[in-house]
1. Averaged per residue, what accessible surface does the range 57-133 expose to a 1.4 Å probe, in Å²?
2. By its C-alpha gyration tensor, with a ≥ b ≥ c as the square roots of the eigenvalues, how is the range 69-212 shaped: rounded for a/c under 1.5, else prolate for a/b larger than b/c, else oblate?
3. For Met388, Met256, Met370, give me the order by solvent-accessible area with a 1.4 Å probe, most accessible first, ignoring ligands, DNA and RNA.
4. Cα gyration tensor of the range 5-109, axes a ≥ b ≥ c as square roots of the eigenvalues: rounded (a/c below 1.5), prolate (a/b > b/c) or oblate?
5. Can you put Leu189, Leu149 in order of accessible area, largest first, using a 1.4 Å probe?
Amino acid sequence: MDTIFAQATARGKAGVAVIRISGPRAHSAARALAGSLPAPRQAGLRRLADADGVPLDEALVLCFVKGASFTGEDVVEFQCHGSPATVSALLSALGCIDGLRLAEPGEFTRRALENGVLDLAQVEGLGDLLEAETEAQRRQALRVLSGALGAKVDRWREALIRAAALLEATIDFADEDVPVDVTPEVTGLLDEVAASLRSEIDGVSVAERIRDGFEVAIVGPPNAGKSTLLNHLAGREAAITSEHAGTTRDVIEVRMDLDGLPVTFLDTAGLRESADEVETIGIARAVARAEAADLRVFLLDDTGKTQGLAPGPEDIVLRGKADLADGAAHGVSGLTGEGVADLVAQISTTLEGRASRTVTATRERHAEAMRRAGGAIAEAQNQLSLGMETAELAAEDLRRAVRALETLLGRVDVENLLDEIFSRFCLGK
C-alpha cells in the first residue's frame, strides 16, 4: 500500500499548519526529514531538512503507530509554521521520497473506513462536522461521528441474529421435541426492532433539515412589508423595496444562523391576481416555494386576507407595516423593528421544537436502508403468523434485514457510494 501525505489544515497563511503522512513508510519518511522521532503520542521539537541537508523548518512532530491512529496505519504529523512557502517546501521534500505520493481527496478518511476505524455513517458524520456552520449542525454531526448510529445498528443486528438463530434451531430440531416455544421471544425481538426503526426513519427528515437548513417563507399580498422585513433580518439590503406593488418577481433567499439553527428566509412575490405575465410566474414560484417551506410567516395588509395560500397550524400570521397601523395587535415592522424580536423568538421556538425530535440517522440513505430492513422484518412477521411451518422463510427474511442494516454502516454493497462521498473531502482528510 502507498504511503500518502497532504496538508491537513486549510491553505493560506496561518500561525501553524499540519502536514500528515500515513502508511507503511510514514515513520521512515518522517525520520528522513527530522533525523529522529519522538515516542508515539508524544510531541517532539525537530529541525526538518531535505535530502541535501537544506533546512526546511523547525516543527513539532507527533507519531502514531498502526492500530492507534486516525487511519489505523502508521501516521506522522508535522506541526510546522503556516506560511505557504514553508508548507510548499515540506510537501516538495516529502514528494521526493520513494514510495510517497500526495493523498487524494478524502483518502485519509477512506483508509480509516477500510481499516475499520470508522464506519460509513461516522465518515458521513465527519463530513458534516467539517461543513457545520451552526451549533445544531455541530451537535448532530458530532453525535453521528461518535458512533451512536453504529451502536444502534449493532443492537438491531444482534436482536435479528438472535431471532434468526432461534428459528433455525426450531428448523434443525423439527423432527424432535423442542421443549420451548420460541415464537413469543422472536416476536418480541422483531416488534422491538421494527418500532425502533420506525422512530429513526421518522426523524431523518428533521435531521436533514438541520444539516441542510430550515426554510422560512415570508408571504403575503404586495406592499405588506415582506422585503423590508427580510432586509431587517439580514441586516443588509438583500431585497429591493419600493412603494410600487409587484417589485419582487423572484424568490430571494437569505441564509442565517438563528439561535444555533441554520435557517434560510425566503422573500416571495406578493400574492395577488395579476395580468402581468412575468409577475404571474413570480407568484406561482412564490406559492410553490412557500408550500415546500418548513414554516411560513404571513404578513397581512389592511384587508387582513390571504390569497392563494392558507396558513398552516404552526404558521405565523402578523400585520405587516405595523408602524403605519396605530394600535395594531400582532404586528411587525421591518422599517422600525417593531415586533421583530418577538417574531424571531417565535420562529426559533417552533423550529427548535422540531429539531428536538431528531434521532441518530441523518440521511435519506440511512432511511432507505432502514426501510428495506423494516420491510424484511415485516415479511418475517407475516411468515411467523402462518405458523412455524414457514420458519425457514422467516429466517431468510431476517438475514435480508441484517444485510440491509450492514449497508447502512458500509460493511457490504456500498462501493459505488464511496467515490461520491470522499470526493467532497479535502486532501488532508
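The values are calculated or read from the model by the stated rules, or taken from the named source; none is laboratory data. What you are looking at is a predicted structure, and each value in this text was computed from that prediction instead of being measured. The accessibility values were calculated without ligands, DNA or RNA, using every heavy atom of the protein model including side chains. Shrake-Rupley method; radii C 1.70, N 1.55, O 1.52, S 1.80 Å.
1. For the range 57-133, the per-residue accessible area is 40 Å².
2. oblate
3. From most exposed to least exposed: Met388, Met256, Met370.
4. On the way: a/c = 1.32, a/b = 1.17, b/c = 1.13.
Rounded, because the longest to shortest axis ratio a/c is under 1.5.
5. Working: Leu189 35, Leu149 0 Å².
Per-residue accessible area, sorted high to low, gives Leu189, Leu149.
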